[in-house]
């Protein structure tokens, strides 16, 4: 999978070096490319609104991070649960009409979630960095900034709003950017969750130094179809030594305890669940039902 960039935003959105460039006036090839092109415009506006040096200072001055990786690794009832605060998605539209990010996050925490994922993309998921900040002020669980990261500015911005971890998507980043962004995340005492979907992406990520946490997205980001077998297929490709070197997160398509048991048997130590929980009338109870093992 190749996600192209638009050259006119190279000055702001990190760099176009190493990325395929779309021809002027050419439409995006898929929804992920559409998102990334919009994200380039968004990042350019962020630079225009507030200098990078100011945002860096805000990030450095932010309160200490919570241990996202440790919370997953030491979960008392594995697999650990990263519960997602998400209002909408491009494929499903609005997931919860009465959307209160703080109330949802608190219900997740009461239900027994180990960490939270906060959607910050506004255009396609109706999220915001303001939601991230509000949740940070309301709950003690470690927080993942769930964003389409293409530039260091976004990493600093996430940290300044309370993020303890940041998502990096292999499909949209070169190996150089993956490595450099992860290094920056670590410098800020955060955790990097690097997400893959294909065998090729997994092979790339396994070559990057200092990776600890890998997410397998069961959702195809080109067409948004979901198949839990993606976790099974990629985990089966690993040698026992490679498997044990990393903590593995299965993402998307987990709706019940049977699904959770399946990805755990495949080798996942944690799961990221959003849609199936956010749509429930009683979120706290839904978390408990998902995470409490059958007798």
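The values are calculated or read from the model by the stated rules, or taken from the named source; none is laboratory data. Computed from a predicted structure; not experimentally measured. Neighbour counts are summed over all protein chains in view; Cβ atoms, including those assigned to glycine, are modelled from backbone coordinates with ideal geometry.
Here is how the numbers come out for the structure above:
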read-out: Pairs with Cβ under 6 Å, 6+ apart, first in segment 88-117 and loosely packed, with under 14 Cβ neighbours inside 10 Å, second in a strand (DSSP E or B); value: 94/88
read-out: Search result, residues across segment 48-82 that are buried (at least 17 other Cβ atoms within 10 Å of the Cβ), out of contact with any strand residue (DSSP E or B) (no Cβ under 6 Å at 6 or more places or on another chain) and part of a helix (DSSP H, G or I); value: 55, 56, 59
read-out: Scope segment 184-216; condition within 17 Å of residue 152 (Cα to Cα) and exposed (fewer than 14 other Cβ atoms within 10 Å of the Cβ); matching residues; value: 186, 187, 189
read-out: Residues that are within 14 Å of the chain's Cα centre (by Cα) and closer than 16 Å to residue 265 by Cβ, drawn from segment 212-251; value: 216, 218, 248, 249, 250
read-out: Condition met for residue 110 (assigned by TED's automatic domain parsing to the domain that holds residue 72, part of a loop (DSSP other than H, G, I, E, B) and more than 13 Å from the chain's Cα centre (by Cα)); value: no
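Let's see how each residue does on (1) under 16 Å from residue 132 (Cβ atoms); (2) assigned by TED's automatic domain parsing to the domain that holds residue 103; (3) touching a residue at least 12 places away in the same chain (Cβ under 8 Å):
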residue	(1), (2), (3)
46	yes, no, yes
63	yes, yes, yes
68	yes, yes, yes
71	no, yes, yes
80	no, yes, yes
83	yes, yes, yes
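For every residue, the table says whether it meets (1) within 17 Å of residue 72 (Cα to Cα); (2) surrounded by fewer than 14 Cβ atoms within 10 Å (Cβ to Cβ); (3) in the same structural domain as residue 96 (by TED's automatic domain parsing); (4) modelled with pLDDT of 95 or more.
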| site | (1), (2), (3), (4) |
| --- | --- |
| 221 | no, no, yes, no |
| 226 | no, no, yes, no |
| 263 | yes, no, yes, yes |
| 270 | yes, no, yes, yes |
| 274 | yes, no, yes, no |
